[in-house]
Amino acid sequence: MHCIHSGEASRALGVVVAATDGSDILDLPAEFSDAVDVPDDVPHHVIEEITRRTPGFTGWQQGSWLYHCGDGAAFLGPAGYRDVEPHPDALNMLRASHRQLGWSPEETEEFLHRLDRNDEPTAYLFQCLHCGTYLASWDIS
């Protein structure tokens, strides 16, 4: 794990390419997580730490790291309904994402009760490093 934490793995697995106009050589380090929907208050060095110096996690689709209080949250792992149920903030986050997709409350609750940490659909549970809020995203193949 030292090679990931130090950034050695990101540099070693990255690529060096010439710019399309030939004006420059670009050093593109490997990234272990995608930086998607990162809030504006998260500093660039935090994004780099998560994408290049933190082990990613596997999911059915591409896993996205969650952020809170201007920082990356701690990844606690895949979660089923019973894992998420004690954390109302995380459940509400999952419900909100379904509302944005136009799901009815009944469809959402049925889906949430089917969450399984070892199968699909699954949730990914995170916790804020600063305030302790639990966060969650969901995934399905």
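No value in this document is a laboratory result; all are computed from the given coordinates. Quick caveat, the model's predicted, so the values are computed rather than measured. All Cβ positions, even for glycine, are placed from backbone atoms using ideal geometry, and neighbour counts span all protein chains on display.
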Trypsin sites (Lys or Arg not before Pro), restricted to segment 46-85: which are DSSP loop and have at most 13 other Cβ atoms within 10 Å? none
Using amide H atoms built 1.01 Å from N in the peptide plane, name the residues 5+ places from Asp34, or on other chains, whose amide H lies under 5 Å from its own. Trp65
Taking a point 7 angstrom from the Cα of Cys131 along the C-beta vector, which residues in segment 59-86 have backbone N less than 16 Å away? 66-74
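Translational D (Stokes-Einstein, µm²/s) of segment 47-92 at 25 °C and 0.890 mPa s when Rh comes from the Kirkwood sum over C-alpha pairs?
Details: Rh = 12.2 Å.
This corresponds to a translational diffusion coefficient of 201 µm²/s.
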Whole-Hz Karplus couplings 3J(HN,Hα) for segment 125-130, θ = phi - 60° and coefficients 6.51, -1.76, 1.60, Gly and Pro as x, run 9, 10, 9, 5, 6, 9
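Ranked highest first by the average count of other Cβ atoms within 10 Å around their residues, in what order do 86-97, 114-125, 62-73, 38-49 fall? Intermediate values should be presented prior to the final figure.
Details: 86-97: 15.9, 114-125: 17.6, 62-73: 19.1, 38-49: 12.9.
So the order, starting with the most tightly packed, is 62-73, 114-125, 86-97, 38-49.
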